[in-house]
1. Residues with beta-carbon under 12 Å from that of SER35, excluding SER35: net charge, scoring Lys, Arg +1 and Asp, Glu -1?
2. For the stretch 85-174, treating each Cα as an identical point scatterer without solvent, what Debye log10 I(q)/I(0) comes out at q = 0.13, 0.16, 0.21 1/Å?
3. Quick one: Karplus J couplings for the stretch 118-127, per residue in order, coefficients 6.51, -1.76, 1.60, θ = phi - 60°, nearest Hz, x for Gly and Pro?
4. Using Cα-Cα distances under 8 Å and only pairs 6 or more residues apart, what relative contact order does the stretch 85-174 have, in percent?
5. So, in Å, what gap is there between the alpha-carbon centers of the stretch 149-169 and the stretch 133-148?
6. Working out 0.36 nm times the residue gap between TRP138 and ASP86, then minus their Cα-Cα distance, what length gain in nm do you get to one decimal?
7. Please give the net charge around ARG97, taking every other residue with its beta carbon less than 13 angstrom from that of ARG97, where Lys and Arg add +1 and Asp and Glu add -1.
Amino acid sequence: MKSLRQIDWLGGVVLCALVLGAVLGPIRWKVTERSRMIGDQRAALEGLAERENVENRLARTREQMTALQTRIADLHRSFPSRTELDTFLTEIHRLARDTDTELVRVVPERARPGEAFSKMPIRIEAVASFQAFYRFLWGLDRMARLSQVENLKITRAPTDRVCKVEMTLSIFVSTAGEVL
């Protein structure tokens with residue numbers, strides 16, 4: 001009887017194992033499938049986050065490129081490839097007229113070539129009140145064209161209300177351009 005009990009007991013254990021295997025097998029398969037789906041979702045979300053990160057970097061890069069293109073356009077206006085002397089002299093005359101500065105003499109000198117740029121001095125003699133000439137200098141500084149005041153001499157007799165101004169203004173030209 002004892003061996004019959006052991007067989008029954010052993011049969012019961014085997015039966016329980018089979019039942020557990022039958023029940024746990026699909027559950028394990030479902031757990032494995034869910035784990036795979038969660039992994040796929042995580043990978044998809046990471047891919048989406050990476051794509052969004054790339055899109056954000058691309059948008060920032062586009063903004064930076066637009067800003068650089070604007071700066072390059074500004075630099076081309078201030079540092080042209082040609083002297084465009086006639087245009088610059090016209091701007092100086094217009095500025096003098098607008099600031100009540102009388103230009104007595106404007107003499108462009110020969111350009112001095114350099115490595116990256118050429119420099120063309122322009123000697124200017126003018127008569128104006130100090131305030132008017134200050135507005136003239138302020139206007140020169142605000143011009144798009146890159147220029148530099150090399151020499152500046154302002155004289156005024158004690159009885160005069162106007163100043164006599166002598167200055168050398170240099171404009172710059174890219175060496176790739178033509179020099180007059």
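1. Details: positive: ARG28, LYS30, ARG34, ARG36, ARG42; negative: GLU33, ASP40.
Within the 12 Å Cβ shell, the charges total +3.
2. -0.42, -0.62, -1.00
3. So the Karplus estimates, Gly and Pro as x, are 10, 10, 10, x, 10, 8, 10, 10, 8, 10 Hz.
4. Values: 157 pairs, mean separation 27.7, N = 90.
Here the relative contact order equals 31 percent.
5. About 16 Å separates the Cα centre of the stretch 149-169 from the one of the stretch 133-148.
6. Values: separation 52, 0.36 × 52 = 18.72 nm, distance 2.09 nm.
16.6 nm is the gain from fully extending TRP138 to ASP86.
7. Details: positive: ARG94, ARG135; negative: GLU91, ASP98, ASP100, GLU102.
In short, -2.
None of the figures in this text is laboratory data; all of them are computed from the coordinates on show. Bear in mind the structure is a predicted one, so any value in this text is a computation, not a measurement. Please note: Cβ atoms are built from the backbone with ideal geometry, for glycine as well, and neighbour counts cover all protein chains shown.
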